[in-house]
Amino acid sequence: MAAPSDLELQPILLQRLNDARMRSDELFSIVRPDAIYERPIPERHRIIFYLGHLEAFDWNLLRERALDLASFHPEFDRLF
């Protein structure tokens, strides 16, 4: 049995990523809108950081390896 090609895996990967993002959106939806920028634990980032971190992590991990997309701002990719 041959391994699926990258092109065959892209739609599957994108669907799984979309499903995961929908689940994370459900989790973040329980946070009150006025609390998203609060820092409930002083040693931790504000809650909004974690929402943005998911997007940045996905982009940095999958952009080049799985989606064959060029970076639009390499400095930001290194920063995040």
Exercise. All but one of (1) of a type in the set (D, E, K, R); (2) exposed (fewer than 10 other Cβ atoms within 10 Å of the Cβ); (3) in a helix (DSSP H, G or I) hold for Arg21; which doesn't?
Worked result: (2)
Exercise. What number goes with the only condition from (1) of a type in the set (Phe, Trp, Tyr); (2) surrounded by 13 or more Cβ atoms within 10 Å (Cβ to Cβ); (3) more than 17 Å from the chain's Cα centre (by Cα) that Tyr50 does not pass?
Worked result: (3)
Exercise. Would it be correct to say that Phe49 is part of a loop (DSSP other than H, G, I, E, B) and of a type outside the set (Lys, Arg)?
Worked result: no
For this session: Starting from the range 40-53, keep only residues that are closer than 15 Å to Phe28 by Cα, then list their pairs with residues that are assigned to a helix (DSSP H, G or I) whose Cβ atoms are within a distance under 6 Å, requiring at least 6 positions of separation or different chains.
Result: Leu51/Phe28
Problem set entry | Condition check for Arg44: closer than 24 Å to Gln10 by Cβ, at pLDDT below 90 and assigned to a loop (DSSP other than H, G, I, E, B) | no
Problem set entry | Hits in the range 56-80 - residues which are among the charged types (D, E, K, R) and either in a helix (DSSP H, G or I) or in contact with a His (Cβ under 9 Å, 6 or more places away or on another chain) (or both) | Asp58, Glu75, Asp77, Arg78
For this session: Return the residue satisfying two criteria in turn: it lies in the range 63-80 and is surrounded by 13 or more Cβ atoms within 10 Å (Cβ to Cβ) and either of a type in the set (Lys, Arg) or at pLDDT 80 or above (or both), and of such residues it is nearest to Glu8 (Cα to Cα).
Result: Arg63
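The values are calculated or read from the model by the stated rules, or taken from the named source; none is laboratory data. The structure displayed is predicted, hence computed values, not measured ones. Cβ atoms come from the backbone with ideal geometry, glycine included; neighbour counts cover every protein chain shown.
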